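The values are calculated or read from the model by the stated rules, or taken from the named source; none is laboratory data. All of these numbers come straight from a predicted model, not from anything done at the bench. Using ideal geometry, Cβ is built from the backbone for each residue, glycine included, and neighbour counts are taken over all protein chains shown.
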Ligand code: GLN
């Protein structure tokens, strides 16, 4: 009831798309009865969770915030959702986001923009803007997002909360609407590390419905958080000296690095010459994958279909897709189709794959000598609504610090440690090697 009231009182933030009020209350009552009867309680007994509108929940609408999927109802639940429900979670509703998770501001949604609760004239970040604001404004305890190139960490940073993206292949993608399949991961928003850890622990692990998910055993992260271990910490020199970075963010992170050194950690700068190549590589590869993934939305199998009469099949596809997809999604489908086309494949797609391979190798090398990498999450604090909408390149370039983890498949988290002189929060980004979420969470718990 508390969360439902909060949601009603903050409707103008536009974080939720649908709220499952009656169903959630009923579930809460059932769980309460279960507890009174002395039944064993799940690890998430009564935990109130919101889902980004790209995650399927059987019998509930899911649209990736797109007109093309308006009024589509999921016929099955994502594996991650099933696991949450099995542990007693209450799903309270689905959350606004950028259409098909493409964007960094939550301004590309067919349901309209989401407001940052800290300052309502500013963007909350994206693409999981609704998921971030839902936790920021106390509309649910924790929420799920998806992170293809920063969509959990960046809005967490801009909203002043914790946002974690696991290693690629740690959580099943079954039931997650695909944007770029070799990058996408479900991620978690919360206000503290123990909450994020327990949710992650419940969802992680092998799943027969996703062949890319790892069979490595899942650790009991939430009960292993406390440690006074001293870490070997690397920060990326070129990243902190980058001209696009707000100097106040750079100095906050440098100061923190100093402080960690004084506390007995080993802290050193490492060179990272690839910095200016990773955003272009990311946008070539993700638009290519997206152009293929989104070809299923043809107006025939499901979703929006043009009502125009007398169309042949190709015209029907064209009319439905032209009206169903928003501007940014169309831009990316066109970019992706272009970089995959016969004459340009080697010049763009193959080159981008090479950059990805170099990045994977260089990241691995860093982790031969270090346990964690520190970076900013974003180059600036949350900007004003509308400020960057007309400049997609500038918007893409702001993903400079987040795309690395997705290109390399490593886990990463944004921790709300700082406040800017403009009053807005910003975070520290931490990364560890692939499947070392335990160190990621332990280190985070130490610095939080
Ligand atoms: N801003 C990035 C993009 O638009 C990241 C999106 C995401 O992680 N889903 O692609």
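Taking the numbered list (1) more than 13 Å from the chain's Cα centre (by Cα); (2) within 13 Å of the ligand (Cβ to nearest atom) in turn, residue 147 passes all entries but (1).
For segment 93-106, the set of residues classified as within 13 Å of the ligand (Cβ to nearest atom) and either more than 17 Å from residue 150 (Cβ to Cβ) or touching a strand residue (DSSP E or B) at 6+ places or on another chain (Cβ under 9 Å) (or both) consists of 97, 101, listed by residue number. Does residue 92 satisfy being outside any loop (DSSP other than H, G, I, E, B), under 22 Å from the mean Cα position of the chain (by Cα) and crowded, with 22+ Cβ neighbours inside 10 Å? It is true that residue 92 is outside any loop (DSSP other than H, G, I, E, B), under 22 Å from the mean Cα position of the chain (by Cα) and crowded, with 22+ Cβ neighbours inside 10 Å.
When the criteria are applied in full, residue 262 fails the requirement of being within 30 Å of residue 381 (Cα to Cα) and either within 16 Å of the ligand (Cβ to nearest atom) or touching a strand residue (DSSP E or B) at 6+ places or on another chain (Cβ under 9 Å) (or both). Within segment 119-126, does at least one residue satisfy the condition of being farther than 23 Å from residue 417 by Cβ and more than 13 Å from the ligand (Cβ to nearest atom)? Yes, some residue in segment 119-126 is farther than 23 Å from residue 417 by Cβ and more than 13 Å from the ligand (Cβ to nearest atom). Return yes or no: is residue 422 free of Cβ contacts under 8 Å to residues at least 40 places away in the same chain and either away from the ligand (no atom under 16 Å from the Cβ) or under 18 Å from residue 189 (Cα atoms) (or both)? Spelling it out, it is not the case that residue 422 is free of Cβ contacts under 8 Å to residues at least 40 places away in the same chain and either away from the ligand (no atom under 16 Å from the Cβ) or under 18 Å from residue 189 (Cα atoms) (or both). Evaluate the following for residue 209: is it assigned to a loop (DSSP other than H, G, I, E, B), closer than 17 Å to residue 80 by Cβ, at pLDDT 95 or above and in contact with a strand residue (DSSP E or B) (Cβ under 7 Å, 6 or more places away or on another chain)? Answer is no for this residue. Considered as a group, the residues in segment 176-195 that are more than 13 Å from the chain's Cα centre (by Cα) and away from the ligand (no atom under 16 Å from the Cβ) include one that is farthest from residue 333 (Cα to Cα), and that residue is 194.
A quick yes/no check of all residues on (1) more than 26 Å from residue 441 (Cα to Cα); (2) within 13 Å of the ligand (Cβ to nearest atom):
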position	(1), (2)
360	no, no
367	no, no
371	no, no
377	no, yes
383	yes, no
386	yes, no
392	yes, yes
398	no, yes
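Just one residue in the set 227, 286 is touching a residue at least 12 places away in the same chain (Cβ under 8 Å), within 16 Å of the ligand (Cβ to nearest atom) and either touching a helix residue (DSSP H, G or I) at 6+ places or on another chain (Cβ under 7 Å) or in a helix (DSSP H, G or I) (or both); that residue is 286.
Among the residues that make up segment 181-194, is at least one of them in contact with a helix residue (DSSP H, G or I) (Cβ under 7 Å, 6 or more places away or on another chain), surrounded by fewer than 20 Cβ atoms within 10 Å (Cβ to Cβ), more than 29 Å from residue 105 (Cβ to Cβ) and modelled with pLDDT of 95 or more? Yes - at least one qualifying residue is present in segment 181-194.
Residue-by-condition table, conditions (1) in a helix (DSSP H, G or I); (2) out of contact with any strand residue (DSSP E or B) (no Cβ under 6 Å at 6 or more places or on another chain); (3) over 22 Å from residue 148 (Cα atoms); (4) free of Cβ contacts under 8 Å to residues at least 40 places away in the same chain:
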{"site": "375", "(1), (2), (3), (4)": "no, no, no, no"}
{"site": "388", "(1), (2), (3), (4)": "no, yes, no, no"}
{"site": "395", "(1), (2), (3), (4)": "yes, yes, no, no"}
{"site": "401", "(1), (2), (3), (4)": "no, no, no, no"}
{"site": "413", "(1), (2), (3), (4)": "no, no, no, no"}
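Does residue 75 satisfy the condition of being closer than 25 Å to residue 283 by Cα and more than 16 Å from the ligand (Cβ to nearest atom)? Spelling it out, it is not the case that residue 75 is closer than 25 Å to residue 283 by Cα and more than 16 Å from the ligand (Cβ to nearest atom). Number of residues in segment 253-273 that are closer than 28 Å to residue 392 by Cα and at pLDDT 95 or above: the value is 1.
When residue 9 is evaluated against the numbered criteria (1) surrounded by fewer than 15 Cβ atoms within 10 Å (Cβ to Cβ); (2) touching a residue at least 40 places away in the same chain (Cβ under 8 Å); (3) closer than 23 Å to residue 133 by Cα, which criterion, by number, is the only one it fails? The single condition residue 9 does not satisfy is (2). Filtering segment 19-62 to residues that are in contact with a strand residue (DSSP E or B) (Cβ under 6 Å, 6 or more places away or on another chain) and loosely packed, with under 15 Cβ neighbours inside 10 Å leaves nothing.
Based on this model, can you work out whether residue 251 counts as under 29 Å from residue 355 (Cβ atoms) and either part of a loop (DSSP other than H, G, I, E, B) or free of Cβ contacts under 8 Å to residues at least 60 places away in the same chain (or both)? So residue 251 does not fit the description; no. All of (1) farther than 19 Å from residue 65 by Cβ; (2) more than 11 Å from the ligand (Cβ to nearest atom); (3) surrounded by 23 or more Cβ atoms within 10 Å (Cβ to Cβ) hold for residue 165 with one exception: (2). The set of residues from segment 212-224 being surrounded by fewer than 20 Cβ atoms within 10 Å (Cβ to Cβ) and in a helix (DSSP H, G or I) comprises 222, 223. When you look at residue 109, is it within 16 Å of the ligand (Cβ to nearest atom), farther than 22 Å from residue 284 by Cα, part of a loop (DSSP other than H, G, I, E, B) and touching a helix residue (DSSP H, G or I) at 6+ places or on another chain (Cβ under 8 Å), yes or no? Answer is yes for this residue.
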